[in-house]
Structure formats: C-alpha cells, structure tokens
Amino acid sequence: MFHWKRAAIATIAVGALVAGLAACASETDSSTDSSTLTLGMLGPATTFAAADASWANETPYLQAVYDTVLRAEPDGTIIPGLATAWSYNDDNTTLTLTLRDDVTFTDGTAMTADIVGQNLLRFRDGTSPNSSRLAAVQKVSAVTDTTLEVTLSAPDPALLGYLAQNAGLVESPSAFDSADIQTEPVGSGPYILDEAKTVVGSSYVFSKNPDYWDPESVHYDNLVLNVYADPTSLLNAIKGGQVNASQTIDDNTLPEIEAAGFTLTALELDWTGLILFDRAGEQTPALADVSVRQALNYAFDKESLLKTVGQGRGTVTSQVFPENSSGFVPELDDAYPYDPAKARELLAEAGYPDGLTISMPTTAALGSSLWTLIDQQLKDVGVTVQSTDAGNNFIADLLSAKYSASWMRLQQDPDWALINFQLTPDAAWNPFHYDDPTADALIATVRTASGDDYDAAVQAVNEYVVDQAWFAPWYRPESTFVTDANTSVELQTGNSYPSLWNIRPKE
C-alpha cells in the first residue's frame, strides 16, 4: 500500500514498492525464541545519521540505537525521555529542558545539554525530510550540563511532539564527522547494531545495550529487523514463523495472515484521495477556481472506492484532519457526498461545460486498477486525466511541483503538525507554495491560542480548507499491524510502527 507515514518524505512503504528493494530471506523461526524480537520491515534504513533521519516506517531502526529528548505514550501524551522535565516561558518562545545526568553513549561519552543542543541544530540544518520541524529554533543554550534552553522565533505548538520523534534523536558527537555516520550509529539507545550479522538493505541485527539507562523498557535481548519488499515475501515469512510482528503492505493478505494465527490490530493513520496542488492555477488554470476543486470532490464515489481499493477497511471522509486532532469536525466527513450531477453543474458554472484536462502521475508499483478507477470517475463528470508513469520518481515528482494534482495516501498528523506538513506555504506537501491570506490568518491564530480557543482555531483552519477544497479525500484507510501468538503490542497513535518499548513477549 502506497502511503506516506508520520515522517515527511520518509515513507518506507513507498520506497519498498517503488524502488523494488530486495526482500530478506531469513530462515530463522523467530516465533520460538522469546529472547529475540523479529520485526518485518517494509524497507531498509535510509540512514542512521540522526541529523538526516526519517521516521514513520523507519522508527524501529532509530529507536533501537537512539534515545529521543522526549517520548510519547501510545495515545500521544508526551512523557519524559532524555529530558525529565520541561517548561515554557510566558510567550512560549523559550523551552527549558531538564536532562538526565546518567546517560552514556555507546562510545563512552556522557550526554550533556550541550550535546543535545548540537543535535537539535544539526537536525534543523540537516537533510532529514522533517528538518523543517525545528525551523522555529533560533538558538540553543546549555545553561548547565543538565539544563538546555531552546529559543524559538515564534511559538510552535507541535515542538514537544517533534522532540519525541526524529527531531529529538540524540547521537554522540564522535559520530558527527565520521565517514561511516550513515551506517554506524553511535547513540545511547537500548540496542547496539551488530554490523557483522547485519546485511544492509535486507536484515539488521541488534544486541541489547548492557549499559542502557532504562533497562526496564527493554523486553528482548536481541532485535532483528528484516526487510520484505512485497506482500508475498512478507506473507510467506509470517506463515513460516520468521517474524513476530510487522506492519503490512497489502490488505488483501490479511485473511491469510489471520489464518496463520496472527492478531490484526488496526489504526487509522492516514487519509487517501487526491491532493489538488495547483490551487493558484499555475499549470492548470481551472484549479484556481474553488468551484472546480469542489467539483472534483463531488466526483468520487467514496463508499465504492473504500470497498474496492480499501477492501472496506476504513472510514469515508472529506477532511484531512484525524479524529484525534483538536481540529476534527465530525460533520466534515460528509461535506462532499458523491454527486456527479453537482460536479458537472459546478464545472459548468466555472466556465468548463465541456470539461477540462488535468495532468496526474501514476506508478506501475500499484498496478493499474487504482488509476483506472480515478480516470473513470473523473471522466464521468467531464474531467480528462492526462497520465504519466512517474515510476520510481513518483514522490520526488510530486514534491517538485511537477503535477497539478495527484492521488496520494498521506499521514494524518494532529493539529499544528498537520498544518506545518500539508497546509502552510512552506509545507512539504504544498510544493507549489500556495499562499492564501485567509488561511494564513487562521493558522497564525492557532500558533498562539490555548485551551478552547486553540481547539476552535484548529477547527476553523480545517473548515476553511474543506470549504476551499484544497484536497479531495476519499477515506481514512486502516493501517494494520500484526503480531504472532507470543507477542503483545500497543499501537502508537499517528505512527505506522509502535514504539519498541510497547512491544512485549506475552507472559
């Protein structure tokens, strides 16, 4: 399943499907070894360099070897990590972090506030697809070895959450200038990468860090992350008892996975449908008209698409904000019911009674049926899709503003994180840098609001985006994590993989 999870420009599902990465051929029967946790991964680690790290489907690679400044409970509640306490000044532009004094990196270096601060700046200035998460960080100041002040150019309501993800990864300074930084992590995490047993791109083997500061959170002596590039290889590994748990690629395999004795746990992490990138009409003038964008929303039979494409696993919607967001408005799920006659009427009113043409990319990695359905439903209302096979460049082409619109499966962050990821002029998923003064004003209110005012402000942004039809969502698909009979899990809200400390052997 093509999707973009939790870290901007970091979806391993996409990488696995589009790049055709080699599947792991491990023959180990993991289900009988309670000292080892073997996870199925949908792609290899892009990098182990903390400053350049992705998240989402790559989370287990990074959580194995690094700690983060903060952690998040399964429901998203922020809890201590390397920082034991935190507070803001009155205008929320200075964050003060109190750090642990008992953390040592695997090279023997003691963690200090100065090192944590360096990591934050390196991430901000690095090549991670999520580097913009720390764009508001102006400077960092180590007041003492255990006190760090982070000064922001403006309040960032999502910062604490970012520090529990890849923006909060902390690596030893000995790795900063290492020639092997991409492949040899030096962190303070619960595991140490066993390079001798690791086959890069296929299977990654880790042993427990004997000096880890939080031993009670480590439930296995060994961790193995095996890469499966396609649904068949993953299914065969599951049937053969070669993995304890995994994110899944194709919902069509779920009945066989369940029949193999695995438990299926579902979470709605994404939305899927069309992104209408060219809202200013730079490439496709018609898309500058809100009536045209609204027409595209009415053109899709979402219930049928959910059944046909999503195997009935998910919830029809017209909004990109998730249910766990303060901005979620239940009524907006039904804002654009299927109404092809309404779509044709809006197109005619906008001056396109004979229809229009929109360029969109496709990729053979997802077969042909998805693209056929899109073509058919838009053709029914007078819209012709001019398709181009983007191949392995599907994501890169979208993010370089090559197409006016496209199908996508995109993560549903809560609140400010989603706004920064999909809506602001500089958002990764606003590649045309579309700037709407009304939206800017609503977003500015969110930045400084609190309490009930904050909830109302995020909802106002959501309502405006739905009314202006920046997207044409179909439904929120279920993401399914599967576990064998020996493994229990608590899923992580907003992420495709649970945190490692929330995966345990059953007693």
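Odds and ends about this structure:
- Given (1) within 22 Å of the chain's Cα centre (by Cα); (2) more than 28 Å from T94 (Cβ to Cβ), number of the condition G382 does not satisfy: (1)
- Any pair with Cβ under 9 angstrom, 6 or more apart, that starts in segment 376-400 at a residue that is at pLDDT 95 or above and ends at one that is among the acidic types (D, E) and assigned to a loop (DSSP other than H, G, I, E, B): Q377/D301; G382/D354
- Qualifying residue in segment 103-113 (condition: over 18 Å from G189 (Cβ atoms), of a type in the set (D, E, K, R) and outside the structural domain of A417 (by TED's automatic domain parsing)): no
- Within segment 165-183, restricting attention to residues that are among the hydroxyl-bearing types (S, T, Y) and assigned to a loop (DSSP other than H, G, I, E, B), the residue that is farthest from the chain's Cα centre (by Cα) is S178.
- Only one of V205, V186, V224 that is in a loop (DSSP other than H, G, I, E, B) and under 26 Å from the mean Cα position of the chain (by Cα): V186
- Residue list for segment 348-358, restricted to those being under 34 Å from the mean Cα position of the chain (by Cα) and either more than 19 Å from A288 (Cβ to Cβ) or crowded, with 17+ Cβ neighbours inside 10 Å (or both): L356, I358
- Residue within segment 87-97 that is touching a helix residue (DSSP H, G or I) at 6+ places or on another chain (Cβ under 6 Å), more than 26 Å from Q492 (Cβ to Cβ) and of a type outside the set (K, R) present: no
- All positions within segment 441-485 that are basic (K, R) and more than 21 Å from the chain's Cα centre (by Cα): R447
- Qualifying residue in segment 253-268 (condition: at positive phi, touching a helix residue (DSSP H, G or I) at 6+ places or on another chain (Cβ under 8 Å) and either assigned to a loop (DSSP other than H, G, I, E, B) or of a type in the set (S, T, Y) (or both)): no
- A single entry from T248, T263, T232 fulfils the requirement of being surrounded by 19 or more Cβ atoms within 10 Å (Cβ to Cβ), farther than 30 Å from M111 by Cα and polar (S, T, N, Q): T248.
- Selected residue [outside the structural domain of D289 (by TED's automatic domain parsing), hydrophobic (A, V, I, L, M, F, W, C) and in contact (Cβ under 8 Å) with a residue 12 or more places away in the chain] from W474, W501: W501
- Any hit, segment 268-280, residues being in the same structural domain as Q422 (by TED's automatic domain parsing), more than 26 Å from the chain's Cα centre (by Cα) and closer than 30 Å to R344 by Cβ: yes
- Counting only helices (runs of 4 or more DSSP H) that sit completely within segment 370-472, those holding 2 or more residues that are surrounded by fewer than 23 Cβ atoms within 10 Å (Cβ to Cβ) correspond to 394-399, 437-448, 451-467.
- When Y336, Y298, Y352 are screened for being over 14 Å from A472 (Cα atoms), aromatic (F, W, Y) and in the same structural domain as D389 (by TED's automatic domain parsing), only Y352 passes.
- Of everything in segment 107-134 that is in contact with an Asp or Glu (Cβ under 8 Å, 6 or more places away or on another chain) and part of a loop (DSSP other than H, G, I, E, B), the residue that is modelled with the highest pLDDT is T112.
- Criterion: among the small types (G, A, S) and modelled with pLDDT of 95 or more - qualifying residue of G355, G351: G351
Here's the yes/no breakdown for (1) small (G, A, S); (2) in contact with a helix residue (DSSP H, G or I) (Cβ under 6 Å, 6 or more places away or on another chain); (3) surrounded by fewer than 22 Cβ atoms within 10 Å (Cβ to Cβ); (4) not assigned by TED's automatic domain parsing to the domain that holds N430:
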| residue | (1), (2), (3), (4) |
| --- | --- |
| T284 | no, no, yes, no |
| E303 | no, no, yes, no |
| S325 | yes, yes, no, no |
| V329 | no, yes, yes, no |
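- Hits in segment 234-252 - residues which are in a loop (DSSP other than H, G, I, E, B) and either within 13 Å of T483 (Cα to Cα) or within 22 Å of the chain's Cα centre (by Cα) (or both): G241, Q242, V243, N244, T248, I249, D250
- Filtered by the rule that a residue be aromatic (F, W, Y) and either modelled with pLDDT of 95 or more or surrounded by fewer than 18 Cβ atoms within 10 Å (Cβ to Cβ) (or both), segment 19-62 gives F48, Y61.
The values are calculated or read from the model by the stated rules, or taken from the named source; none is laboratory data. The structure presented is a predicted model; accordingly, all values stated were derived computationally and were not measured. Glycine gets a Cβ as well: all are built from the backbone with ideal geometry, and neighbour counts include every protein chain shown.
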